[in-house]
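The values are calculated or read from the model by the stated rules, or taken from the named source; none is laboratory data. Everything numeric here is computed off the predicted structure, so don't read it as measured data. Here the Cβ is made from the backbone with ideal geometry for all residues, glycine too, and neighbour counts use every protein chain on show. When the accessible area is computed, the model is the full protein with side chains, heavy atoms only, and any ligands, DNA or RNA have been set aside. Shrake-Rupley method; radii C 1.70, N 1.55, O 1.52, S 1.80 Å.
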Amino acid sequence: MSKTAVMFAGIDALDTEALRFSTLQIPEVQRRVQQAHKFLWEETAGQVSLKDYMVSSEADFQAQLPLKAFICAAAQIGLFDRYLKTNSAPDYLVGCSLGDAARTVCSGAMSFEEMLYGTYLFGREGDKVTDGSVVCCKSLLSPLSAEEIQEIEACGLDIAVYQTPVHFLVVGKNDVLHAWAADLKNQQRYLIRPLCNRPLHSHAMTGAMTSTLTHFGSFKINHWNIPMVSSTHRKVIETPEDLRVDMNSNMTGAVHWSSTYMWMVDELQVNRFVNIGPARTMIKFCERTPTAKSVELMDCMDLVTAEQLIPALA
């Protein structure tokens, strides 16, 4: 029996200008982005414009992490709206990092407006945490081992995201992280490059999470229609409490994507994964993570034809 899971990418979902242009031509994406713009305009009393941000320079687009998270989540939900017009609901929804925000809305567990508010608040509060960064690493010799993880943690750092057996993100305070990256032994072991100047997926974000929840107050979790998978705990989310724990873990702990993907193939019997993206990051992760069973990988953007496009937002 065939089972399908839809995947939602992280903060790099709209990283290239060409991808942003093509995605923002899709009617369902336009509608969601317009809703997000209206929400942000009203929330900030006209001080922040999502439309201005969308046409900003590449440097400004990459630098404004809160707005980047905001528009990525809105675009992903619009793409899922489009996907459902020609496809049946999938068996599972799964996100990686920021992708959990879109996943939760698309399941029906949270309203679009509440997700926007929560994403905006966490982005705003997280942007205040300046002593910390994330670097992207590729193991040059062999898959990342438990011993290497212990060594990294012994330095006062953490793994932020386990992307594939050989690709991972390391997070920590700036001085510690820079010293670790400059160490000759680590340069021989790993290909290391800067990724983000905020300590995402670490305990350093606990204050931002607490502040977000304080401002957010109680939010309603609805009965969801599509099962969700947690990539922080490698499990199907069964209850509202499971979802709250998953949200908290995603903000302050590691994302175990590669092991979650393998578990979904082996234990949940998923044999078809559709990347909402719109970046193809999740497809690359899947291609680089070996599984014992054959898996079909599809990209949502390939399912949108030229005839279904309309001019981009003015």
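In the set (1) among the polar types (S, T, N, Q); (2) assigned to a loop (DSSP other than H, G, I, E, B); (3) surrounded by 16 or more Cβ atoms within 10 Å (Cβ to Cβ), the condition left unmet by residue 222 is number (3).
Specify which of the listed residues (193, 198) is part of a loop (DSSP other than H, G, I, E, B) and touching a residue at least 40 places away in the same chain (Cβ under 8 Å).
Being part of a loop (DSSP other than H, G, I, E, B) and touching a residue at least 40 places away in the same chain (Cβ under 8 Å) holds for just one of 193, 198, which is 198.
Evaluation of residue 126 against the conditions (1) of a type in the set (Gly, Ala, Ser); (2) in contact with a strand residue (DSSP E or B) (Cβ under 8 Å, 6 or more places away or on another chain); (3) open to solvent by less than 20 Å² (accessible area, probe 1.4 Å) shows that the sole unmet condition is (2).
Of all residues being open to solvent by 10 Å² or more (accessible area, probe 1.4 Å), among the hydrophobic types (A, V, I, L, M, F, W, C) and assigned to a helix (DSSP H, G or I) in the range 41-66, which is farthest from residue 134 (Cα to Cα)? Just the residue, please. Looking at the filtered set, the residue picked out is 41. The set of residues in the range 232-269 that are in contact (Cβ under 8 Å) with a residue 12 or more places away in the chain, of a type in the set (Ser, Thr, Tyr) and surrounded by fewer than 16 Cβ atoms within 10 Å (Cβ to Cβ) contains only 259. The set of residues from the range 213-258 being among the aromatic types (Phe, Trp, Tyr) and more than 19 Å from the chain's Cα centre (by Cα) comprises 216, 219, 224. Only residues that are open to solvent by 20 Å² or more (accessible area, probe 1.4 Å) and either touching a Cys at 6+ places or on another chain (Cβ under 7 Å) or within 30 Å of residue 67 (Cα to Cα) (or both) were counted across the range 137-153, and they come to 1.
Of the candidates 288, 272, the single residue that is touching a residue at least 60 places away in the same chain (Cβ under 8 Å), in contact with a Leu (Cβ under 9 Å, 6 or more places away or on another chain) and surrounded by fewer than 20 Cβ atoms within 10 Å (Cβ to Cβ) is 272.
Which one is surrounded by the most Cβ atoms within 10 Å (Cβ to Cβ), of the residues in the range 275-284 that are more than 17 Å from residue 4 (Cα to Cα) and of a type outside the set (Val, Ile, Thr)? Reasoning before the result, please.
First pass over the range 275-284, keeping only residues more than 17 Å from residue 4 (Cα to Cα): 278-281, 284.
Right, trim to of a type outside the set (Val, Ile, Thr) and you get 278-280, 284.
Working: 278: 27, 279: 22, 280: 16, 284: 15.
The residue in question is 278.
Restricted to the range 172-213, and to residues there that are among the basic types (Lys, Arg) and crowded, with 18+ Cβ neighbours inside 10 Å, the residue that is modelled with the lowest pLDDT is 198.
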